[in-house]
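A quick write-up on the structure given underneath.
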Amino acid sequence: MTVFLYDTENEGHTVVGMTESAMEAMGIFDGDTVSIKGKRGRKTVATVAMIADSDVSALDSSVVKVSDDGEYHGAIGMTKDAMKNAGVRAGDSVTVAPAPDVKFGKAVLILPYGDSVEEAGLDASEAGDLFETYLRPYFEGKFRTLHRGDSFHVDGPKGLIEFQCVEIDSVEVDGDSACVVVDDTVIECEGEPIDREDVDDLADAGYDAIGGASSHLAAVRELVELPLRHPELWTKLGINTPRGVLLTGPSGCGKTAMARAVAAETGAYFFVINGPEVISKRAGESETNLRRAFEDAEANAPDYNGAIIFIDEIDSIAPRRDKAGGEVEKRIVSQLLTLMDGLKPTSKVIVIAATNRPGVIEPALRRPGRFDRELDMGIPDEKGRLEILQIKTRDMRLGKDVDLEILARGSHGFVGADLQQLCMEAALECIREKMGLIDFDRDRVDKKILDGIVVTMKHFEHAMGVVHPSSLRESAVS
Ligand SMILES: Nc1ncnc2c1ncn2[C@@H]1O[C@H](COP(=O)(O)OP(=O)(O)OP(=O)(O)O)[C@@H](O)[C@H]1O
Ligand SMILES: [Mg+2]
């Protein structure tokens, strides 16, 4: 089903809208529970509300069809929170199925996000209040569905606060994945607020966040995703699955972003080793750090769809042994070689390394069985730049006069990071203009002003004047 934004005002995070014909085709009724499967294995549950055909008639997908594989094709209206929980955006597609088995909840643990609580000016000790002022009014008498991991905003006396459902015990199963919250359900909200840093920071990462790299994406899928998903393709042929992929390319071309995207899409266990950070002058510590990373990845691989160890800026920890001086670096290189050679053929672990200086890393690392695949991301061409601009402006309100094609044409030599900065500068310039209208003493910006913030071509032209392509800058220096 194709997702569109369903603005329900205060209906809550788990109400989704479907037309009568869509509900009929699926055999469900107003108020029924459905499960929704979005991207990257993300799931949520929701209550269906009937919406008028006219609400979706603007969409081609308002007509419901059932394809041969039994999937329904139509439109489903989801709130922003619901979309986030399913890991999708408007226009993406989700799989919807009736979920009559979702039980009533016995107890649920719901915690607020720390930053959200802070913004509202509350401190953690007021958790009890949160129940009375936020959660109880939100859930009481509403029969809301809840999936473990769901995040949702609740409006209350101190403004919006975002919560996450951490644990669910249904009347039948402790540690259930979903439930319907009824008035008997015990809602607990005492505990440390959730630190956003700790939560899945891959939530925004995905192949669709990377532009101008379709051929690289295809290559990465072949080199990383395939061996993680179907190692038997290799073992059958009697060869070892690929172990290491080296991503190269100038700074800011999206190497780190690419590795995160692969991890998010495959759902693999993701362990990041930051080159400069791992180096410790204390004898042996860096090697121990490395060894732990490999052990951790191997141990976790079976529970996820494999594991990816990502070594960012590998040049800083594995420079050529003949050149680079440091004893520490030399030991780290040998340790890394040993660890890569020691990965069992059956273990679903892949190491991705990134560098913008492929020339300076130890050549032994690039021998077969180690980082024997290389992927040069390079500087994007005009078409690539257009794609990246489209991605970076996806959540921006753009004026009608903004022509991304012109910007793409005029930004020769810009890498992804430059284009991102370009969009940010344009947005900042736009905000700067409104500065005089903003009342700094008020907690929130007036809605009228917010609605008036539209980034126009003029702002982008200003940005073009301040942002310069880093690739050209670098070559001019060296
Ligand atoms: N092709 C791209 N599509 C979308 N965003 C991109 C792309 N390339 C870069 N970016 C954005 O630019 C920023 C920098 O990218 P990233 O950190 O991946 O670069 P990098 O190649 O790892 O650079 P460095 O060598 O300096 O580490 C990120 O925020 C990323 O989202
Ligand atoms: Mg990087």
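The values are calculated or read from the model by the stated rules, or taken from the named source; none is laboratory data. Predicted model, so just to flag it, every value in this text is computed and none were measured. No Cβ is skipped: glycine too gets one built from the backbone with ideal geometry, and neighbour counts run over all protein chains shown.
Between Ile391, Ile379, Ile431, the distinction of being within 16 Å of ligand 2 (Cβ to nearest atom) and touching a residue at least 12 places away in the same chain (Cβ under 8 Å) belongs to Ile379 only.
Applying a threshold of 6 Å to beta carbon distances and a minimum spacing of six or more residues, or different chains, the list of pairs starting in the range 231-260 at a residue that is more than 30 Å from Gly416 (Cβ to Cβ) and in contact (Cβ under 8 Å) with a residue 40 or more places away in the chain and ending at one that is more than 7 Å from ligand 1 (Cβ to nearest atom) and not in a helix (DSSP H, G or I) reads Pro231/Thr241; Asn240/Pro345. Restricting attention to the range 231-259, the residues that are part of a helix (DSSP H, G or I), within 16 Å of ligand 2 (Cβ to nearest atom) and of a type in the set (A, V, I, L, M, F, W, C) add up to 3.
Being within 16 Å of ligand 1 (Cβ to nearest atom) and either out of contact with any strand residue (DSSP E or B) (no Cβ under 7 Å at 6 or more places or on another chain) or over 21 Å from Ile239 (Cβ atoms) (or both), is that true of even one residue in the range 333-342? There is no residue in the range 333-342 that is within 16 Å of ligand 1 (Cβ to nearest atom) and either out of contact with any strand residue (DSSP E or B) (no Cβ under 7 Å at 6 or more places or on another chain) or over 21 Å from Ile239 (Cβ atoms) (or both). Go through the range 329-359 and report how many residues are part of a helix (DSSP H, G or I) and within 15 Å of Leu247 (Cβ to Cβ). Qualifying residue count, the range 329-359: 2. Filtering the range 261-285 to residues that are within 16 Å of ligand 1 (Cβ to nearest atom) and without any contact (Cβ under 8 Å) to a residue 60 or more places away in the chain leaves Ala261, Val272, Ile273, Asn274, Gly275, Pro276, Glu277, Val278. Restricting to the range 5-18, name every residue that is surrounded by 16 or more Cβ atoms within 10 Å (Cβ to Cβ) and at pLDDT below 85. Within the range 5-18, Tyr6, Thr8, Glu11, Gly12, His13, Thr14 qualify. Within the range 295-328, the set of residues being of a type in the set (A, V, I, L, M, F, W, C) and closer than 19 Å to Leu247 by Cβ comprises Ala297, Ala307, Ile308, Ile309, Phe310, Ile311, Ile314, Ile317, Ala318. Only one entry of Arg320, Arg357 meets the criterion of being over 28 Å from Ser215 (Cα atoms) and either within 16 Å of ligand 1 (Cβ to nearest atom) or surrounded by 14 or more Cβ atoms within 10 Å (Cβ to Cβ) (or both), and that entry is Arg320.
The set of residues from the range 362-389 being surrounded by 15 or more Cβ atoms within 10 Å (Cβ to Cβ), at negative phi and within 13 Å of ligand 1 (Cβ to nearest atom) comprises Leu375, Met377, Ile379, Pro380, Gly384, Arg385, Leu386, Glu387, Ile388, Leu389. Checking the range 311-326 against the condition returns a match, with at least one residue being outside any helix (DSSP H, G or I) and closer than 20 Å to Ala268 by Cα.
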